[in-house]
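One structure is given below, encoded as structure tokens.
Just so it is clear, none of the values below were taken in a lab; they were calculated from the coordinates. Quick caveat, the model's predicted, so the values are computed rather than measured. Here the Cβ is made from the backbone with ideal geometry for all residues, glycine too, and neighbour counts use every protein chain on show.
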């Protein structure tokens, strides 16, 4: 039988919510499939209670913060790229670019 993590390292969903000043339903949503941006807050179940390990919470938040600091990568379809190239060619022909 796996050993339980120490109590000081386990947080209830309500404790996580209080510590981050968000509603407890936000924490449940983060822990559900899909989570936030495809990332899910890992949880463990002990005695029928869903708990979050402190290290898992810190890693999850660090990943979310790293994602927000990186600029969003826009995906441009091939058709849209052709439209942009055509527009730039017309601007160059007109002496604007």
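Structure values in brief
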read-out	value
Between helix 78-93 and the chain: long-axis angle, C-alpha atoms, 0 to 90°, nearest 10	40 degrees
Top of 82, 39, 29 by mean-square fluctuation, Gaussian network on the chain, Cα under 10 Å	82
Mean ellipticity per residue at 222 nm, deg cm²/dmol - from DSSP H runs of n ≥ 4 across the chain, formula -39500 (n - 2.57)	-15500 deg cm²/dmol
Spacing of the two label points (7 Å from each Cα toward its C-beta) at residue 40 and residue 88, in nm	4.2 nm
Exposure proxy order (Cβ contacts within 10 Å, fewest to most) of 58, 63	58, 63
Using alpha-carbon coordinates, inclination of helix 54-69 to the longest axis of the chain, degrees	10 degrees
Extension gain (nm, one decimal) between residue 28 and residue 62, 0.36 nm per residue minus Cα-Cα	10.4 nm
Residue order, fewest to most beta carbons within 10 Å, for 22, 52	22, 52
Percent RCO, i.e. relative contact order, over the chain, from Cα pairs under 8 Å lying at least 6 residues apart	19 percent
